[in-house]
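Below is one structure; the comments refer to it alone.
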Amino acid sequence: LSTYSSAISSFVTFCDINNVDPKDHFPASKITLCWFASSFAGLASASSVCNKISTLKAWHTVHNTGWLGGPRLDAMLGGISNLSPPSSSRPKREPVHTHMLSVLHAGLDHSNSLNVAVWAAAATAFWGQCRLGELLAPSISGCDLSVLPSHTSVNLGASPAQIFLPWTKVTKRKGALIHLPTQYGPSNPASALKVHMRINRAHPDLPLFHYMVGSLTKPLTKPAFMARCNAIWSKAGLARLSGHAFRIGGTTELLLASVHPDVVKVMGCWSSDAFLRYWRSVSDIVAKHACFLHPDAHKHLVAATHVRARRH
C-alpha cells in the first residue's frame, strides 16, 4: 500500500513541478505518461519505473478512468531499460552450497524441536529447489494454511520422496509437485522430514514446518528460519545469505553434479529464462559440460597432423 501511495504521489508531484494541465493528470494523457516515465531515464532501474507505471494503470482501472498508455509508452520503457544506471542493479545473490549445509547441520541441536524443523526445511528447500515462501509462513500472524504444505502434502513412500506445494509463485493456487532427490548422509530430505514429522508430531491442521514449545505448536516462519541459519553461518565465519539462496544453491549443486539442465529445470519448476538467470559457478559448470569434448575426434586430428608433418 505504501508503494502504491508513493507512486501516485510521485506522479502528482511531477505534474505540479512541470505545470502539467490538471486535465492531463487523471486520466493521464499519452504525452504526460511518456514524459513522466522519461524523467527517470538514467536515474532509476527499468523495473522501478515499470512498477510506477503499473501502479498508475491500476489507479485508472480502480477509478474506471480510461488508460491511455500504449505502444509509445512501451517503447519509452524499453529505452529506459537501456539507460538504467549500474547502481540500480542489485548484486547477484550468493547460493547456499553443500559445505554450508554441513556447517548448518553440525551447528544445530538435533534434540531441539525448532532445530529439527529448521534442518528439515533446509534440506527440502535446497534439494527441492524451493522458494522459502512456498514452504514457510512469512510470520506467525500471517500463517495461511491454505497456501502452505501440511504433513498430508508429503509422500515419503514415493521414490524419490515427493511434496505437493498448494501454492507457488508461478502456478499460484494450482500448486506444484516437487520431487526430493534422495541423497547420502544427513542432508537427505526424506530422512530429515521423517525425523521432523516424528519429533514435531505431524498434524493435518498444522503447516508441515512447525515445532513444539512444550505442549504448544508454532509455525516455523521464514524470518526465524533464516535467523537460525545465519547465526550458525556467521559463527563459522561464513556469509549471511537471503532465503532465495537455498533455491539457487540447490540448482547450482545439481548442475555441478552433471544433472542435465533440462532435468534440473523441470525439477525446480523453473520458467523459461528465469532458470538461466540464476545459474551460479558458471566456470565449474562449463568445465563439466563443455570442456574436452569428443576425445576420439581429438586423437584422429592429432594423427592426421603427424601424417601431414611427415610428408613435409
Mind giving me the FRET efficiency for ASN230 and HIS294? R0 is 45 Å, r the Cβ-Cβ distance, nearest 0.05 is fine. 0.50
Would you mind telling me which residue in VAL12, VAL259, VAL103 has the biggest mean-square fluctuation in a Gaussian network model of the chain, where springs connect alpha carbons within a distance under 10 angstrom? VAL12
Of the residues VAL12, SER258, THR61, the Cα lying farthest along the dipole of the chain towards its positive end, which is defined by charges on the beta carbon of Lys, Arg, Asp and Glu, belongs to SER258
Determine the sum of side-chain charges near ILE163: Lys and Arg each +1, Asp and Glu each -1, restricted to other residues whose C-beta is under 15 angstrom from that of ILE163. +2
For LYS30, placing the label point 7 angstrom along Cα-to-beta-carbon and taking the stretch 37-67, residues whose amide nitrogen sits under 14 Å are 67
Which of ALA106, ALA192, ALA137 ends up with the largest GNM mean-square fluctuation for the chain, with Cα atoms connected below 10 Å? ALA106
Around LEU68, what is the net charge, scoring Lys/Arg as +1 and Asp/Glu as -1 over all other residues with Cβ under 15 Å from its Cβ? +1
Among 177-186, 222-231, the order from most to least packed when residues are scored by Cβ within 10 Å on average: 222-231, 177-186
Between the modelled labels at ARG72 and SER283 (7 Å from Cα along Cα→Cβ) the distance in nm is 5.0
Stretch gain in nm, segment SER272-ASN18, where the contour uses 0.36 nm per residue and the Cα spacing is subtracted: 87.3 nm
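So what is the calculated 222 nm ellipticity per residue for the chain, using -39500 (n - 2.57) for each DSSP H run with n of 4 or more, over all residues, to the nearest 500 deg cm²/dmol?
After summing the helix terms and dividing by residue count, I get -15500 deg cm²/dmol.
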Could you tell me what a quarter of the Cα convex hull surface of the stretch 177-243 works out to, in nm² with one decimal place? 6.2
Picking from TRP67, TRP119, TRP127, which is most flexible by a Gaussian network model of the chain using Cα springs under 10 Å? TRP67
Extent of the stretch 119-271 along each principal axis, from alpha carbon coordinates, in Å, largest to smallest? 45, 40, 28
Approximate spin-label separation SER6-ASP109, in nm, with each point projected 7 Å along Cα-to-Cβ: 4.0
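Please give the FRET efficiency for ASP205 paired with LYS169, using the beta carbon to beta carbon distance and R0 = 22 Å, rounded to the nearest 0.05. Show your work: numbers first, answer last.
Values: r = 25 Å, r/R0 = 1.13.
Computed FRET efficiency for ASP205 and LYS169 comes out at 0.35.
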Less than 14 Å Cβ to Cβ from ILE8, Lys/Arg counted +1 and Asp/Glu -1: what total charge do the surrounding residues give? +1
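Tell me the volume per residue, in Å³, of the convex hull enclosing the alpha carbons of the chain.
Enclosed volume per residue, from the Cα hull, is 227 Å³.
The numbers here are math on the coordinates, done by the rules we state, and not lab data. Computed from a predicted model, the values in this text were never measured in an experiment. Here Cβ is always computed from backbone atoms with ideal geometry, including for glycine, and neighbour counts include all displayed protein chains.
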